[in-house]
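Heads up: the structure comes next, in C-alpha cells.
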Amino acid sequence: MNDPLELLENKNIRIPSFLSDKYNPIGCGLLGVGAAFFVNWAMRRPLVSGIQKHIILGAGGVALGSWLDSKREAHFAERDAVLRHYVQLHPEDFPKTRRFFFEVIFILY
C-alpha cells in the first residue's frame, strides 16, 4: 500500500552526503573570492593585489552560503509540515493505493 502520510514523514533513514551541508558555503565563498579577482581585473590591477579584499569577500561568501543553507532547510521543513497537515485534514483526497507500475510494464511484454 502507498500511504501519502508515510511519504511525508521524516524517519531519518536518509543519510546526507559528505558535501550536502558544505556545498552552499564553499560555493558562495568561491564566488566571493572570484568577485574580488574580477574587480581587480576590471580595474586593471594585479589579480592578487589587496589580499584583504579576497579574504573579506571569501569569508562573507561563506557566511552568506551558511545563512542561505539554513533558510533553505527551514523553508523545506515548513513546506513539508504544511503538506503533512493538509493530508491529515483531508484524507479523503489522498486514498491509500497500491502501486501497479511494474504490473503495467510487465503486461506489455
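In table form, for the structure just shown:
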{"quantity": "Members of the stretch 67-88 that are hydroxyl-bearing (Ser, Thr, Tyr) and under 23 Å from Gly29 (Cβ atoms)", "calculated": "Ser70"}
{"quantity": "Qualifying positions in the stretch 10-26 - part of a loop (DSSP other than H, G, I, E, B), within 30 Å of Gly60 (Cα to Cα) and not acidic (Asp, Glu)", "calculated": "Ile15, Pro16, Ser17, Phe18, Leu19, Ser20, Lys22"}
{"quantity": "Selection status of Glu78, in a helix (DSSP H, G or I) and either of a type in the set (A, V, I, L, M) or at pLDDT below 85 (or both)", "calculated": "no"}
{"quantity": "Residue in the stretch 57-65 that is part of a helix (DSSP H, G or I) and in contact with a Leu (Cβ under 6 Å, 6 or more places away or on another chain) present", "calculated": "yes"}
{"quantity": "Every residue from the stretch 39-56 that is surrounded by 12 or more Cβ atoms within 10 Å (Cβ to Cβ) and either part of a helix (DSSP H, G or I) or among the β-branched types (Val, Ile, Thr) (or both)", "calculated": "Val39, Asn40, Lys53, His54, Ile55, Ile56"}
{"quantity": "Search result, residues across the stretch 57-90 that are in contact (Cβ under 8 Å) with a residue 60 or more places away in the chain and either charged (D, E, K, R) or loosely packed, with under 13 Cβ neighbours inside 10 Å (or both)", "calculated": "Asp80, Arg84, Gln88"}
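The values are calculated or read from the model by the stated rules, or taken from the named source; none is laboratory data. Here the structure is a predicted model, which means the values were calculated and not measured. Positions of Cβ are generated from backbone atoms using ideal geometry, with glycine treated the same way; all protein chains shown enter the neighbour counts.
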